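Asker: Mind having a look at this structure? Questions to follow.
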Amino acid sequence: MAYSEKVVEHYENPRNVGTMNKADPEVGTGLVGAPACGDVMKLQIQVSENGIIEDAKFKTFGCGSAIASSSLVTEWVKGKTLDEAATIRNSEIAEHLALPPVKIHCSVLAEDAIKAAVADYRTKNTDAKPEAAE
Amino acid sequence: MEQTLKPLAGQSEQSGSDEEGRPVVPCWSCQGPVGEGSLFCSTCKAVQPPGQLDHFARFGLPAEYDLESAVLDRHYFDCQRMLHPDRFAMRTPKERALSQQQSVCVNEAYETLKDPLKRADYLVHLRGAGVLPEGCTLVNDQELLTESMELREALADAESLEDVDALDQRATDDIRYCIDALSDVFRTDDLEGACRLTTRLKYLRKLSEECRHHRAKMDKRE
């Protein structure tokens, strides 16, 4: 099965590959996996004091669609608020990348990853700043 | 693989009709009683439809994780010998079709049971039906994911064949550990533990596979 042009483009030129310091309180980390294919995806966000995502990085070991999905999400979330980032749906990712039905789970993985990263950031920052979580 | 199997003289004639508590159904051909899942009718010797049997029952084996591969092989080769197309060349089209259906089911059961990972996955679903509706498709085990990520990163960074070999060796050791541990958890019917280990095994297999790819790439470069 052929990948769409957009998937190939992200696969060949992945955006924002890298790792942030997990221990940094400004960083939220989402680590998710799809055991059926042995994929593992890490998505990290760096959040400013006013709750804006300033930077995002990912590292994915998986198929082209999983790499493209996570690469795309790092592009999308930059400049967004945490709430906005958490509303990204896998259907939007799948549509943008023209993923075939058998690869929809890759977009689900990317949605789970960004949600997990947002949740991780919030958990980390609830203790320090209770009002910031609201 | 070494051929440990000898044709079991005499047994092949009976094994289709041994009835160990299996429900008895009428033979499609002679209407005589047949144990469900038997390959052949004991009365008229007609091949029977495969029916709905789990993979273990298909070979008359208990649904347990511990399985001696030589025993499985023997059951499998017995079945395939009895279902060999040559034996049905002179039979009716219906019998030829049924023998092929049987053969497909027997192959599927064998492919699933002989592989420790597929067997674990299958047994979790078999025992966990209704208990764990998601089966093992979800991973929220952060420890496992962190380990998998670290190992895959280490492989991506590996520069020498020694590095790759060391990772592959670790995968091999951990795979062996998982298979042993699976045997324990299935014995105590700890399905959650079985799910965890099955998932870990999947990731380790993937790591091992990627090690091989990595090595092949390195070999090509040299």
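Asker: For the protein assembly as shown, what is the calculated [θ] at 222 nm in deg cm²/dmol (nearest 500), taking -39500 (n - 2.57) for each run of four or more DSSP H residues and dividing by its residue count?
Answerer: -17500 deg cm²/dmol
Asker: Order by neighbour count: A:Lys42, A:Lys78, A:Lys59, fewest other Cβ atoms within 10 Å first, most last.
Answerer: Least crowded to most crowded, the residues run A:Lys78, A:Lys59, A:Lys42.
Asker: Run the numbers on chain B and let me know its relative contact order in percent, using alpha-carbon pairs under 8 Å that are six or more apart.
Answerer: It comes to 16 percent, rounded to a whole number.
Asker: Also, quick follow-up: Taking θ = phi - 60°, what integer Hz values does the Karplus form 6.51 cos²θ - 1.76 cosθ + 1.60 yield along segment B:79-88, in sequence order, with x for Gly and Pro?
Answerer: Those phi angles translate into 4, 5, 5, 5, 9, 4, x, 4, 6, 10 Hz.
Asker: Hey, what angle do you get for helix B:93-114 against the long axis of chain B, alpha-carbon based, 0 to 90 degrees rounded to 10?
Answerer: The two axes meet at around 30 degrees.
Asker: Taking the Cα centre as origin and putting +1 on Lys and Arg beta-carbons and -1 on Asp and Glu beta-carbons, what dipole magnitude results for segment A:5-125, to the nearest 20 debye?
Answerer: Roughly 260 debye, rounded to the nearest 20.
Asker: Cα to Cα, under 28 Å, and not fewer than 8 places away if on the same chain: which lysines meet these conditions relative to A:Lys59?
Answerer: The qualifying lysines are A:Lys6, A:Lys22, A:Lys42, A:Lys78, A:Lys80, A:Lys103, A:Lys115, A:Lys124, B:Lys202, B:Lys206, B:Lys217, B:Lys220.
Asker: What is the sum of charges, Lys and Arg at +1 and Asp and Glu at -1, for the other residues whose Cβ falls under 13 Å from the Cβ of A:Ile104?
Answerer: Once positives and negatives cancel, what remains is -2.
Asker: Can I ask one more? Once R0 is set to 22 Å, what does the formula 1/(1 + (r/R0)^6) return for the Cβ-Cβ distance between B:Ser160 and A:Val17, expressed as a FRET efficiency to the nearest 0.05?
Answerer: For R0 = 22 Å, the calculated efficiency reads 0.45.
Asker: Mind sorting B:Glu192, B:Glu95 by how few other Cβ atoms lie within 10 Å of their own Cβ, fewest first?
Answerer: Ascending number of Cβ neighbours within 10 Å: B:Glu192, B:Glu95.
Asker: On to the next question. I need to check one value: relative contact order of segment B:11-114, counting alpha carbon pairs closer than 8 Å and at least 6 residues apart, in percent.
Answerer: That works out to 23 percent.
Asker: I would also like to ask the following. Can you work out the Karplus-derived ³J(HN,Hα) for every residue in segment A:96-113? Use 6.51 cos²θ - 1.76 cosθ + 1.60 with θ = phi - 60°, whole Hz, and x for glycine or proline.
Answerer: Working through the residues one at a time gives 4, 8, 6, 6, x, x, 5, 10, 4, 4, 5, 6, 4, 4, 5, 5, 4, 5 Hz.
Asker: Would you please name the GluC sites (Glu not before Pro) within segment B:142-180 that are DSSP coil residues with at most 11 other C-beta atoms within 10 Å of their C-beta?
Answerer: Taking segment B:142-180 and a limit of 11 other Cβ atoms within 10 Å, the loop GluC sites (Glu not before Pro) found are B:Glu159.
Asker: Taking the 0 to 90 degree range and rounding to the nearest ten, how far is the long axis of helix A:64-77 tilted relative to the main principal axis of chain A, both from C-alpha atoms?
Answerer: 40
Asker: When Lys and Arg each count +1 and Asp and Glu each count -1, what net charge do the other residues less than 13 Å away from B:Phe186, Cβ to Cβ, add up to?
Answerer: Once all neighbours under 13 Å are counted, the net charge is -4.
Asker: Relative contact order for chain A: what percent, with Cα pairs under 8 Å and sequence separation of 6 or more?
Answerer: Rounded, it is 29 percent for chain A.
Asker: Calculate the spin-label point distance for A:Ala36 paired with B:Ala216, positioning each point 7 Å from the Cα along the beta-carbon direction, and give it in nanometres.
Answerer: 2.4
Asker: Quick one: dipole size for the protein assembly as shown, taken about the Cα centre, charges +1 on Lys/Arg Cβ and -1 on Asp/Glu Cβ, in debye to the nearest 20.
Answerer: The calculation lands at about 1360 debye.
Asker: Moving on. Less than 12 Å Cβ to Cβ from A:Leu72, Lys/Arg counted +1 and Asp/Glu -1: what total charge do the surrounding residues give?
Answerer: -2
Asker: Give the long-range amide H neighbours of A:Lys80: residues separated by 5 or more places, or on another chain, with amide H under 5 Å away, using H modelled in the peptide plane at 1.01 Å from N.
Answerer: Residues meeting the criterion, in which the H sits 1.01 Å from N, are A:Ile53.
Asker: Here's another thing I want to ask about it. How far is helix B:161-187 tilted, in degrees, relative to the longest principal axis of the Cα atoms in chain B, given as a value from 0 to 90 rounded to the nearest 10?
Answerer: 50
Computed from the coordinates by the stated procedures, all read-outs in this text should not be read as laboratory data. Not measured: the values here are computed from a predicted model. Ideal geometry is used to build each Cβ from the backbone, glycine not excepted, and the neighbour counts take in all protein chains shown.
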